[in-house]
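In what follows, a single structure is set out as structure tokens and then discussed.
Each reported figure results from applying straightforward, stated rules to the coordinates on display, with no laboratory input. Since the model is a prediction, treat every value here as computed from it, not as a measurement. All Cβ positions, even for glycine, are placed from backbone atoms using ideal geometry, and neighbour counts span all protein chains on display.
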There are 2 protein chains.
Amino acid sequence: MDGKKRTEIAELGKFGLIDRLTAGFAPARATTIKGAGDDAAVIDTGDRYTLVSTDLLLEGVDFDLVYTPLRHLGYKAVVAGCSDIYAMNGTPQQVMLALGVSARFSVEDLEELYAGVKLACKAYGVDLAGGDTSASVNGLTIGITTVGSVARDKIVYRSGAKKNDLVCITGDLGAAYMGLHLLEREKRAYAGSQSPQPKFEGREYILGRQLKPESPREAIEALGRAGIVPTAMIDLTDGLASDLLHICKQSACGARIYLDRIPIARQTSEMAEELHIDPVTAALNGGGDYELLFTVPLDRQEELFKLGAGIEVIGHITDESTGVALTTPDGEDIALTAPGWKTREK
Amino acid sequence: MDGKKRTEIAELGKFGLIDRLTAGFAPARATTIKGAGDDAAVIDTGDRYTLVSTDLLLEGVDFDLVYTPLRHLGYKAVVAGCSDIYAMNGTPQQVMLALGVSARFSVEDLEELYAGVKLACKAYGVDLAGGDTSASVNGLTIGITTVGSVARDKIVYRSGAKKNDLVCITGDLGAAYMGLHLLEREKRAYAGSQSPQPKFEGREYILGRQLKPESPREAIEALGRAGIVPTAMIDLTDGLASDLLHICKQSACGARIYLDRIPIARQTSEMAEELHIDPVTAALNGGGDYELLFTVPLDRQEELFKLGAGIEVIGHITDESTGVALTTPDGEDIALTAPGWKTREK
């Protein structure tokens, strides 16, 4: 800001940036089991580990209030927090909300937001353990902190994937991203219109996945009952490609996933075709699905198949030297790359 | 937002709003010892309680980058988080940072911010346990989450003050607020000037209190060594009046504090006089001092006096019916009131 060397954040990308900023912060306390670099911090609190995650949701970046009901936004904030805890194989227990609110918002608006928070707290069995609200000059900012718990021998990091492990996901991918595209299209189409009648019929699934996503709690619980502890896990918020690259980088391994194994819902494909977007691209780079990506030792394959719970095997872990790639039905390997930094103005 | 009843947030005030929003969120989990309504959430993690606090620092509201060096801001963010943990009589252990950053900021800018975070982590003995950074459309947003620990029998809430307890504070008050006024004045005076030469000589103390506040770690440690557990405690972020009202409301008691007992630094008084502000008003309503306000049973008075550690007794707790008031040297009682909601545009 003062004439010194200026490196644009976009040059490093999001994860290069975080690596650079948090380098040299070696944990000094014995209770800090895992610091920066996973879905949640891991803190030794005796019998069990305590997990803590924190997220920001910013108006104009993470949500658009033109088409996002505040109740849905409150719900989604809690789901986003729980998702980080599930991704460590933990159980979310408490959430805390810190809001920055401009004068545009009324008390009733915030009550709507909190009504969504309440619904999600009930659905996921978490308590609201803190709610602070302060004035903002720029719309709505939501800080969400989630606390969870996990047995010491059940914790799952991003770094534990081993060669030959199965690469698994819950649910289907790309739907949230196509829901977002649909909402953006209808917003543009009806800008200035007196009586907006957006065309949402037959699109309810992808809209729901964008506006009110759910975390695959049942899959985590089913794995737990079967005694299957994933070797690595991450929640799918940045997109399959980026999140698989995280696991592979932190586990020092490669991976092959198969294009025809990636579950894509019918509405997702239809919407993608209508907008001339490749549905697989939506699944790989879309993000916002809040599903889980995890790896399981090959010898648990039979048990895994019996589980159901929306779990699909989409590939396997390979040697680091082979890279991370998507294999097409005709046997071609396409190297996966991480998305860059979304540059914003001002 | 859609023609329904609209209540302005300013009508309820900050704390009325939070009470209204968090009402009806009764904790359901046995591990949630204390939910909303104190400096930090209290979570039962076995032998000890785990404390978690979360704060937002918003550009244009909580800081102005025209006169706030990013390094100082990073330092202050960590101090603000630690302050919440000390206010529960706990020891801060981990901090997590979530940044929203617009394209105005370079990698070097964020490195400056993190350099301040690192200094504060070292000074307060906390580990950085998470650092996320995402794009923002509106300047800089900092979410700071702090985790601490406290023995089950040493935890201090806002709600434990008893009649006849001594009302104590650490340090002196109003300095951060007068530092802010000075910075704002110099900003206005030199707006558009080619070679700004702000007049900061002899004002270093109040500037430091605004730009790089410290949390009274030594006072907490001294109380701990002496075996004194406060009956109630809060950190002084909103101002003495507001924070004392919190303790009294949650403890169902009244209080008398004495005007001539409130410690005000010389630079604070001088600056206040220059700006025609009553120094006591700065101390009562200024906020941002990050000192601690706490109550101690009367029978620990002698031990307390021996401690030093910058602790001052400024009054005592009374019956709820007598209200919360400031007593002037000529014996007049002035009722204390909480500040309202700072309304912001947009």
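So which residue, out of B:T31, B:T54, B:T318, gets the largest mean-square fluctuation from a GNM of chain B using Cα contacts under 10 Å as springs? Checking each option, the largest mean-square fluctuation is seen for B:T31. Under the convention that each Lys and Arg Cβ holds +1 and each Asp and Glu Cβ holds -1, the size of the dipole of the stretch B:9-154 around its Cα centre is about 320 debye. Sorted from shortest to longest, the distances between the A:K4 label points of this copy and the other copies are 4.9 nm, with each point 7 Å from Cα along the line through the beta carbon. What separates the B:G24 label point from its copies, with the point 7 Å along Cα to Cβ, is 5.0 nm, written shortest first. Using θ = phi - 60° in the Karplus curve 6.51 cos²θ - 1.76 cosθ + 1.60, the 3J(HN,Hα) couplings for the stretch B:311-321 round to 8, 10, 8, 10, x, 8, 7, 10, 5, 4, 5 Hz; x is entered for Gly and Pro. Placing pseudo-labels 7 Å out from each Cα toward the beta carbon at A:V313 and A:R20 gives an inter-label distance of 4.1 nm.
Positive end of the dipole of the stretch B:166-335 (Cβ unit charges, origin at the Cα centre): among B:Q210, B:P329, B:C168, the Cα lying farthest that way belongs to B:Q210.
Here the stretch A:166-335 is assigned +1 on the Cβ of each Lys and Arg and -1 on the Cβ of each Asp and Glu. Its dipole about the Cα centre then comes out at about 500 debye. Computed over chain A, the per-residue total of -39500 (n - 2.57) for DSSP H runs of n ≥ 4 gives a 222 nm mean residue ellipticity of -10500 deg cm²/dmol, rounded to 500. Evaluating 6.51 cos²θ - 1.76 cosθ + 1.60 at θ = phi - 60° for every residue in the stretch B:149-156, the Karplus couplings come out as 9, 8, 5, 4, 8, 10, 5, 10 Hz, glycine and proline recorded as x. Working from Cα pairs under 8 Å separated by at least six residues, relative contact order for chain B is 21 percent.
Once you place label points 7 Å from the Cα toward the Cβ at B:E218 and A:A226, how far apart are they in nm? My value for the distance between the label points is 6.0 nm.
From the largest down, the stretch A:30-153 spans 47, 27, 22 angstrom on the principal axes of its Cα atoms. For B:D38, the amide hydrogen comes within under 5 Å of no other amide hydrogen, counting only partners 5 or more places away or on other chains and with H modelled in the peptide plane.
Taking 20 °C and 1.002 mPa s as conditions, the protein assembly as shown diffuses translationally at an estimated 81 µm²/s according to Stokes-Einstein applied to its Kirkwood radius (Cα pairs). Normalised by the number of residues in the stretch B:166-335, the average gap of Cα pairs under 8 Å and 6 or more apart makes the relative contact order 42 percent. When the C-alpha to C-alpha distance is required to be over 23 Å, the pairs from A:K34/A:K154; B:K163/B:K249; A:K122/B:K14; A:K154/B:K122; B:K187/B:K212; A:K76/A:K306 that qualify are A:K122/B:K14; A:K154/B:K122; A:K76/A:K306. Residues whose amide H falls under 5 Å from that of A:G287, counting only those 5 or more places apart or on a different chain, are A:G174, A:G239, A:L240, with hydrogens built in the peptide plane. Measuring nothing but how far apart in sequence close Cα pairs (under 8 Å, 6+ apart) lie, relative to its length, the stretch B:236-291 scores a relative contact order of 63 percent.
Per residue, how big is the convex hull around the C-alpha atoms of the stretch A:166-335? Give it to me in cubic angstrom, could you?
Spread over its residues, the Cα hull of the stretch A:166-335 gives 118 Å³ apiece.
Position B:P69: other-copy label points at 5.1 nm, ordered by increasing distance, label point 7 Å along Cα→C-beta. Legend: mean number of C-beta atoms from other chains within 10 angstrom of residue C-beta atoms, peptide B:32-42, equals 4.
With a Förster radius of 35 Å applied to the C-beta separation of A:F200 and A:E332, the computed FRET efficiency comes to 0.45.
Distances between every pair of Cα atoms in the stretch B:89-220, grouped in 10 Å steps from 0 to the bin holding the largest one, split as 9, 25, 35, 22, 7, 1 percent. Within the stretch A:141-209, the proportion of C-alpha pairs whose separation exceeds 15 Å stands at 74%.
Distance from the Cα centroid of the stretch B:270-327 to that of the stretch A:46-84 is 38 Å (rounded to whole angstrom). Summarised as an ellipsoid, the stretch A:278-337 has semi-axes of 22, 18, 11 Å, derived from the eigenvalues of the Cα gyration tensor scaled by 5 and square-rooted, with the largest first. For chain A, the mean projected area of the C-alpha convex hull, equal to one quarter of the hull surface, is 20.5 nm².
Each residue of the stretch A:162-169 is assigned a 3J(HN,Hα), and the resulting list reads 10, 3, 6, 4, 7, 9, 10, 9 Hz, derived from the Karplus form 6.51 cos²θ - 1.76 cosθ + 1.60 (θ = phi - 60°), x at Gly and Pro. Build a GNM of chain A with springs between Cα atoms under 10 Å: which of A:T327, A:T237, A:T268 gets the top mean-square fluctuation? In this elastic network of chain A, the residue with the biggest mean-square fluctuation among A:T327, A:T237, A:T268 is A:T327. Between A:E186, A:E214, A:E11, the Gaussian network model of chain A with springs among Cα atoms under 10 angstrom shows the greatest mean-square fluctuation at A:E11.
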